[in-house]
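A.B. asks: First the structure, then my questions, so here it is.
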Amino acid sequence: MTGKIRSNLFYLKQFGFNDSLLQNIFILGLDPITIIFNRECKISAELESKFTDKDRKLAEDYNKYRNFKSKLFKEEDFLRDSKSKMYFKYDVNEMTSLLPEKVMPLFMYSKGDISLLAVNKKRVAIVGTRRPSPKAIAITKKITRKFVEDNYVVVSGLAEGIDTISHETAILHKGKTIAVLPTNFKKIYPKENQELAKEILDKGLLLTSIGPKENTYKSSFLDRNKYVANISDIIVVIETNLKSGTMNTIRNASEANKKILFIDQEDELINNKIYEFGGVLLND
């Protein structure tokens, strides 16, 4: 029964219902289809408050949902791909073993080698600016190679710049790498990294919280940073500025009590900010 409810929650999420509503329905042990589409069903005021205007509109047409679900099941390769896996927040699985409940979304999805998520694997996040200096590029290659030689899985976010260099360097030196995406698997961002994503799928793991019919928002990039920080044991900061996605990753790593190493930013304000988050200066 739980498996059927989990499946229904996935399809309802892809149809557009909000996470808070679906999560509350599951916690209360209710049947989501009955609660959402049966207008005669009485629910508590608290649960009723979880319905947004969009949810109420979607709940008006069960047949539309049923057709959507049937089409998605037939057309979405992810649901039948042996390299793909879905992780539910309230199951015991690879992702719930790494992410605390307050960080774990209702669902996460992976494609590739899930052994890289094992709790006994060493993982290092190598992160930094999308516009690295020549010096930062050289340092990234050097540090990534060293961690690969020490049998670390290299984690990053598939963004331009430092992320891309760390993934590519890991692959070049026969290492393993995980790319945490802010998009679903069919809308790789940036587009220039589509081929790199295919390489990572072949030699590592792609990971995302964005389902096959979900959109990417500005918050998706911040969530991506949070997952990068939380699945890694160490975060290595190559080059950043005070207001950046990298600094957001550092903040998340600090909150998760992760080890933070950083290269001298040659800027006292930036160095001091990383020190505030518990960073330790790393000799390049």
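The values are calculated or read from the model by the stated rules, or taken from the named source; none is laboratory data. Computed from a predicted model, the values in this text were never measured in an experiment. Here Cβ is always computed from backbone atoms with ideal geometry, including for glycine, and neighbour counts include all displayed protein chains. Surface areas here come from the heavy atoms of the whole protein model, side chains and all, with no ligands, DNA or RNA. Shrake-Rupley method; radii C 1.70, N 1.55, O 1.52, S 1.80 Å.
A.B. asks: Looking at segment 159-173, which of its residues are part of a loop (DSSP other than H, G, I, E, B) and either farther than 20 Å from L222 by Cα or of a type in the set (K, R) (or both)?
C.D. replies: Correct list: H173 only.
A.B. asks: With respect to K142, is the statement that it is at pLDDT 95 or above, more than 15 Å from F17 (Cα to Cα) and surrounded by fewer than 17 Cβ atoms within 10 Å (Cβ to Cβ) true?
C.D. replies: Numbers: at pLDDT 95 or above: yes; more than 15 Å from F17 (Cα to Cα): yes; surrounded by fewer than 17 Cβ atoms within 10 Å (Cβ to Cβ): yes.
So K142 fits the description; yes.
A.B. asks: Next up: For segment 82-91: of the residues being within 20 Å of K203 (Cα to Cα) and surrounded by fewer than 16 Cβ atoms within 10 Å (Cβ to Cβ), which is farthest from the chain's Cα centre (by Cα)?
C.D. replies: Restricting to residues being within 20 Å of K203 (Cα to Cα) and surrounded by fewer than 16 Cβ atoms within 10 Å (Cβ to Cβ), the top hit is S82.
A.B. asks: Output the helices (runs of 4 or more DSSP H) that fall wholly within segment 174-258 and possess 2 or more residues being over 22 Å from I114 (Cα atoms) and over 15 Å from the mean Cα position of the chain (by Cα), or say none.
C.D. replies: Answer list for segment 174-258: 245-255.
A.B. asks: Can you name the residue in segment 6-24 that is without any contact (Cβ under 8 Å) to a residue 60 or more places away in the chain and hydroxyl-bearing (S, T, Y) and, of all such residues, is nearest to F68 (Cα to Cα)?
C.D. replies: S7
A.B. asks: May I pose another question? Quick check on S97: is it out of contact with any Gly (no Cβ under 9 Å at 6 or more places or on another chain), under 26 Å from I27 (Cα atoms) and among the polar types (S, T, N, Q)? Before you say what the answer is, go through the steps one by one.
C.D. replies: Values: out of contact with any Gly (no Cβ under 9 Å at 6 or more places or on another chain): yes; under 26 Å from I27 (Cα atoms): yes; among the polar types (S, T, N, Q): yes.
Yes.
A.B. asks: Kindly check whether there is at least one residue in segment 138-158 that is among the charged types (D, E, K, R) and under 21 Å from S219 (Cα atoms).
C.D. replies: No: zero hits.
A.B. asks: Of all the residues that make up segment 58-81, how many are open to solvent by 60 Å² or more (accessible area, probe 1.4 Å), within 21 Å of M108 (Cβ to Cβ) and modelled with pLDDT of 95 or more? Give the steps one after another, and end with the answer.
C.D. replies: Looking only at segment 58-81, we keep the residues that are open to solvent by 60 Å² or more (accessible area, probe 1.4 Å), and these are 60-64, 66-67, 69, 71, 73-75, 77, 80.
Okay, now just the ones that are also within 21 Å of M108 (Cβ to Cβ), so 69, 73, 77, 80.
Filter once more, so that each one left must be modelled with pLDDT of 95 or more: 69.
So the answer is 1.
A.B. asks: Just the residues that are surrounded by fewer than 21 Cβ atoms within 10 Å (Cβ to Cβ) and in a helix (DSSP H, G or I), please, taken from segment 108-121.
C.D. replies: I114, S115, L116
A.B. asks: Only residues in segment 106-125 that are farther than 19 Å from E199 by Cβ and of a type in the set (K, R) count as the first member; pair them with residues that are open to solvent by less than 10 Å² (accessible area, probe 1.4 Å) and assigned to a strand (DSSP E or B), Cβ under 9 angstrom, at least 6 apart or cross-chain, and list the lot.
C.D. replies: K121/V153; K122/V153
A.B. asks: Further, regarding this structure: Looking at G204, G175, which is the one that is farther than 17 Å from M104 by Cβ and either touching a Leu at 6+ places or on another chain (Cβ under 8 Å) or in contact (Cβ under 8 Å) with a residue 60 or more places away in the chain (or both)?
C.D. replies: G204
A.B. asks: Okay, moving on. Return the residues of segment 25-43 that are surrounded by 14 or more Cβ atoms within 10 Å (Cβ to Cβ) and either closer than 20 Å to K64 by Cα or polar (S, T, N, Q) (or both); say none if nothing qualifies.
C.D. replies: Residues satisfying the conditions are D31, P32, I33, I35, I36, F37.
A.B. asks: From the set of residues in segment 122-139 that are closer than 24 Å to K191 by Cβ and either aliphatic (A, V, I, L, M) or in a strand (DSSP E or B) (or both), which is most open to solvent (accessible area, probe 1.4 Å)? Write out each step before concluding.
C.D. replies: First, the residues of segment 122-139 that are closer than 24 Å to K191 by Cβ: 125-132, 136-137.
Applying the additional criterion that residues be either aliphatic (A, V, I, L, M) or in a strand (DSSP E or B) (or both) yields 125-127, 136-137.
On the way: A125: 0, I126: 0, V127: 8, A136: 5, I137: 53 Å².
Applying the filter and picking the extreme gives I137.
Rundown of residues vs (1) within 21 Å of V154 (Cβ to Cβ); (2) of a type in the set (A, V, I, L, M, F, W, C); (3) in contact (Cβ under 8 Å) with a residue 24 or more places away in the chain, yes/no style:
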{"residue": "I235", "(1), (2), (3)": "yes, yes, yes"}
{"residue": "I238", "(1), (2), (3)": "yes, yes, yes"}
{"residue": "N241", "(1), (2), (3)": "no, no, yes"}
{"residue": "M247", "(1), (2), (3)": "yes, yes, yes"}
{"residue": "A253", "(1), (2), (3)": "yes, yes, yes"}
{"residue": "I263", "(1), (2), (3)": "yes, yes, yes"}
{"residue": "E268", "(1), (2), (3)": "no, no, no"}
{"residue": "N272", "(1), (2), (3)": "no, no, no"}
{"residue": "N283", "(1), (2), (3)": "yes, no, no"}
